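These notes concern the structure reproduced below.
The values are calculated or read from the model by the stated rules, or taken from the named source; none is laboratory data. This structure is a prediction, so every number in the text was calculated from the model and none was measured. All Cβ positions, even for glycine, are placed from backbone atoms using ideal geometry, and neighbour counts span all protein chains on display.
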Amino acid sequence: MRRPSTRRSFTLRALIPAILVAIGWPAQANDSAAELAIGGLQFVRTNDVAMESEDLHIGLDRVSVRYEFTNTTAKPVTLTVAFPLPDIDLSEAENIALPSNDPVNFVDFETKVDGSPVPLTIDQRAVIGNKDVSALLRQLKLPLLPVGSREIRVADLPAATRTRLVDDGLLMPAGMSDNGRQQYAPGWVTRTSAVRQQVFPPARKVVVEHQYRPSVGSSPDTILRSSLRQSSALSQEVERYRKEFCVTDAFLAELDKRAGSSQANAAKLQERRISYVLKTGANWAGPIRSFRLTIDPGGSDRLVSFCSGRLKASGAGSPLEYTASNFKPDADLKILVVGRF
């Protein structure tokens, strides 16, 4: 199953702080972290099972989804269910917002079927290009996803191990130390997915629920403040924001009212960004008959912008709620939250 690419996002996030510092954004802009695009459960495409409803709740600390499925045939239908986690490119790991230090289930994913927890088989591999290097890392007793307490201290590796990893392209040059010694960082991509088989009995509703901690991108300021978005150095990035998050003039007007026009971020506004892969909800026998999206920014004073498409707001206030009938998602969600955190 195809997983969302993250390399372009990381590259942009790595460049932005340098640009912002150059035009006067505070040095703590380097605290920015890129969000990972994560979504819901993925099933093989089928005409035998209909999604009656999907209730999606997106918060900064938790994403939860409740699905109701119905087998439209007279026989049991068995489908492969997968929850693919985003690829982690370790050469850019410092820019990634990982919500958990678990080296396998790094989003603390849980799932239930008809109210009961169910196990999933988790498959994790390390690759460089098209080459699977998992066996070599296991042979050398190195973690496939070196995060948290499992982070690899390259300087502490035996010289023979370090040389082999460098020769095989698993360690990449990462600048020089203060004493002039070459430093290295892991250069492989870690791929993780959780898979199970789900049986849908004939003519019966099956409720599937899952939740996880999202990867939330963050910045200690926002380039949408008037003093920053008017900079020619940020014009392309500001335009990308307006397009990807459907930022309106009304949103910017309210932001300007709160932030003022000074160069300094006196209002202490920050950004949070969440990406959610929604298009996999189009794999069913017909559209999703009832869809509801709830966005909880964590406070009624925070501004939210995203491309709602065919979704209709079902009320004002916070959390924000949107609904649609006979919904066939054709785009993923990119949500921007601006406020004090």
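Quick notes on this one:
- Being free of Cβ contacts under 8 Å to residues at least 24 places away in the same chain and among the hydrophobic types (A, V, I, L, M, F, W, C) is a property that holds for Ala253.
- With respect to the conditions (1) touching a His at 6+ places or on another chain (Cβ under 8 Å); (2) without any contact (Cβ under 8 Å) to a residue 24 or more places away in the chain, Phe109 lacks only one, and its number is (2).
- Qualifying positions in the range 300-310 - under 21 Å from the mean Cα position of the chain (by Cα) and in a loop (DSSP other than H, G, I, E, B): Arg302, Phe306, Cys307, Ser308, Gly309
- When the criteria are applied in full, Thr190 fails the requirement of being farther than 28 Å from Val107 by Cα and modelled with pLDDT of 90 or more.
- The one condition in (1) crowded, with 18+ Cβ neighbours inside 10 Å; (2) more than 19 Å from Asn105 (Cα to Cα); (3) of a type outside the set (Gly, Ala, Ser) that Arg164 fails to fulfil: (1)
- Within the range 321-337, considering residues that are within 20 Å of Gly217 (Cα to Cα) and in contact with a strand residue (DSSP E or B) (Cβ under 7 Å, 6 or more places away or on another chain), the one modelled with the lowest pLDDT: Asp332
- Residue under evaluation Val208, criteria (1) in contact with a strand residue (DSSP E or B) (Cβ under 9 Å, 6 or more places away or on another chain); (2) farther than 24 Å from Asp87 by Cβ; (3) modelled with pLDDT of 95 or more, criterion not met: (3)
- Between Asp108, Asp123, Asp55, the distinction of being touching a Ser or Thr at 6+ places or on another chain (Cβ under 9 Å), at positive phi and either assigned to a loop (DSSP other than H, G, I, E, B) or modelled with pLDDT of 85 or more (or both) belongs to Asp108 only.
- Residue match in the range 188-196 (condition: touching a residue at least 40 places away in the same chain (Cβ under 8 Å), over 27 Å from Pro143 (Cα atoms) and either touching a helix residue (DSSP H, G or I) at 6+ places or on another chain (Cβ under 8 Å) or not basic (Lys, Arg) (or both)): no
- Hits in the range 111-120 - residues which are assigned to a loop (DSSP other than H, G, I, E, B) and closer than 13 Å to Gln198 by Cβ: Asp114, Val118, Pro119, Leu120
- Failed item in (1) modelled with pLDDT of 85 or more; (2) more than 20 Å from Asp221 (Cα to Cα); (3) touching a Gly at 6+ places or on another chain (Cβ under 9 Å), with Ser91 passing the rest: (1)
- Taking each residue of the range 135-162 that is part of a helix (DSSP H, G or I) and looking for partners that are not charged (D, E, K, R) with beta-carbon atoms closer than 6 Å, six or more apart or interchain, yields Leu137/Ala126; Leu137/Leu144; Gly148/Asn101; Arg150/Pro103; Arg150/Pro143; Val154/Tyr184; Thr161/Leu140.
- Restricting attention to the range 156-183, the residues that are under 20 Å from Ile128 (Cα atoms) and hydrophobic (A, V, I, L, M, F, W, C) total 6.
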